[in-house]
Amino acid sequence: MNLTDSKAKLAVGGAICGVVAVLLAIFGNPGNMAICIACFIRDTAGALGMHQAAVVQYARPEIIGIVLGAFIISVVTKEYRSTAGSSPMIRFVLGIIIMIGALLFLGCPLRMVLRMAAGDLNAYVGLIGFVAGIATGIVALKQGFSLGRAHETNKMNGAVLPVLMLGILVMILMGSSLLIASEKGPGSMHAPVWLALIGGIVFGALAQKTRMCFAGSIRDIMLMKNFDLFSVIAALFGVMLIYNIATGNFHLSFSGQPVAHAQHLWNILGMYIVGLAATLAGGCPLRQLVLAGQGSSDAAVTVAGMFVGSALCHNLKLASAAAAAATAETEAVVGGPAIQGKIAGVICIVVLLIIAFAGNKRK
């Protein structure tokens, strides 16, 4: 079960994750949002009534599957460890900030890569900010930044988030009236529940075994010239690129991209926020879900912050609007964040820099 002892094995794991994303896109998920952690957490939060944005409310089985997949594979391979560390409120705030940055950009690092594979040049602009954010985080790490060491805790403690996800799954399967589902927009586009769940489980299990992390892959290149984790991301990108070219979904442009905007400054700053926050938190949104699945209460607190952050983004109108062409009934929409989102983005950067450089040094 060891996939980390060679780049070839890691690449195979990434390629299989790419195939999962392709299948989810073919069977109903939005094409360049085949699997997006930020978007799907936002949709799930909406389904639970945490926000009232009617077009992005759907309990995504993929999120549940990723957590359960990481949990199951870690138990089977005896890698499950119920751990907790320190700085829970900072981790919670980092989760909120990650989501604000992601929804300024309109996607997490995983979706950024999927958008890049579809020819979305706005995602390549966002990559500049993501790398810059990680670089800033590396400076903080070199200066001694730390949120504290994790320690083993009661085994049940680490299983809380997987159990909560299982509870949401039960409500989905029972057709609970407690869950809200969009009738139009991205929230109405989804693969069948069984396929989404199985796809999420496979994706989560492989992400756990390959240690897939979009922030970690770039951090390792910068710090150690190590391309192991990057090979996972490159393989996933390659599979999606081939799929998009073969199906005619590849469009190299800034305009006309689904659920995206061309406000370049805010694409850069949004992903800068995600890159810096993810480096400080110890992993990108996908990695946080996987770590939470394998028993980390620290990661579970960050995931909780992401759920709250997604609700705040839509309740307070912090999320960016997607660009849209004019139609016979509506005017063209430029897209990008409103003034509330811009103010929130600046505040997030200031808070992150305070967290990174004003305290929490290793003793």
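The values are calculated or read from the model by the stated rules, or taken from the named source; none is laboratory data. On a predicted model such as this, the values are computed, not experimentally measured, just so you know. Using ideal geometry, Cβ is built from the backbone for each residue, glycine included, and neighbour counts are taken over all protein chains shown. Calculation scope for accessible area: heavy atoms of the full protein, side chains included, ligands and nucleic acids excluded. Shrake-Rupley method; radii C 1.70, N 1.55, O 1.52, S 1.80 Å.
Can you list the helices (runs of 4 or more DSSP H) lying wholly within the stretch 118-193 that have 2 or more residues being open to solvent by 20 Å² or more (accessible area, probe 1.4 Å), touching a Phe, Trp or Tyr at 6+ places or on another chain (Cβ under 6 Å) and touching a residue at least 40 places away in the same chain (Cβ under 8 Å)? Before the answer, list the steps.
On the way: elements: 121-142, 155-158, 160-173.
Those helices (runs of 4 or more DSSP H) span 121-142.
Being more than 24 Å from THR77 (Cα to Cα) and buried (at least 22 other Cβ atoms within 10 Å of the Cβ) is the filter here, so list the residues in the stretch 203-234 that pass it. Explain how you work it out, then say what you get.
Step one: of the stretch 203-234, the residues more than 24 Å from THR77 (Cα to Cα) are 215, 218-227, 234.
Selection gives ALA215, ILE218, ARG219.
Condition check: closer than 18 Å to ARG115 by Cα, part of a helix (DSSP H, G or I) and among the small types (Gly, Ala, Ser). Does ALA207 satisfy that? Let's see the steps before the verdict.
Numbers: closer than 18 Å to ARG115 by Cα: no; part of a helix (DSSP H, G or I): yes; among the small types (Gly, Ala, Ser): yes.
No.
For the stretch 243-262, how many residues meet the condition of being open to solvent by 70 Å² or more (accessible area, probe 1.4 Å) and farther than 24 Å from VAL22 by Cα?
Result for the stretch 243-262: 0.
List the pairs whose first member sits in the stretch 216-242 and is closer than 9 Å to GLY18 by Cα, whose second member is part of a helix (DSSP H, G or I) and open to solvent by 40 Å² or more (accessible area, probe 1.4 Å), and whose Cβ atoms are under 7 Å apart, counting only residues at least 6 apart or on separate chains?
Close Cβ pairs (under 7 Å, with a partner that is part of a helix (DSSP H, G or I) and open to solvent by 40 Å² or more (accessible area, probe 1.4 Å)) amount to VAL239/VAL19.
Quick one: LEU265 ticks every box in (1) open to solvent by less than 40 Å² (accessible area, probe 1.4 Å); (2) within 24 Å of ILE354 (Cα to Cα) bar one, so which box is it?
All conditions pass for LEU265, except number (1).
Output the residues belonging to the stretch 58-96 that are open to solvent by less than 10 Å² (accessible area, probe 1.4 Å) and more than 14 Å from LEU166 (Cβ to Cβ).
Scanning the stretch 58-96 gives ARG60, GLU62, SER74, SER82, LEU94, GLY95.
What are the residues in the stretch 24-54 that are in a helix (DSSP H, G or I), open to solvent by less than 30 Å² (accessible area, probe 1.4 Å) and of a type in the set (Gly, Ala, Ser), if any? Spell out the reasoning first.
Residues of the stretch 24-54 that are in a helix (DSSP H, G or I), as a first pass: 24-26, 31-33, 37-47.
Filter once more, so that each one left must be open to solvent by less than 30 Å² (accessible area, probe 1.4 Å): 24-25, 32-33, 37-47.
Across the stretch 24-54, the qualifying residues are ALA25, ALA38, ALA45, GLY46, ALA47.
What do you reckon, is ALA21 hydrophobic (A, V, I, L, M, F, W, C), at pLDDT below 95 and in a helix (DSSP H, G or I)?
No; evaluated as a whole, the condition is false for this residue.
Show the residue pairs that are 6+ apart or on different chains and have beta-carbon atoms under 7 Å apart, the first residue being within the stretch 9-21 and touching a residue at least 24 places away in the same chain (Cβ under 8 Å), the second being among the β-branched types (Val, Ile, Thr) and open to solvent by 10 Å² or more (accessible area, probe 1.4 Å).
Within 7 Å, the pairs are LEU10/THR4; GLY14/ILE233; ALA15/VAL239; GLY18/VAL239; VAL19/VAL239; VAL20/VAL202.
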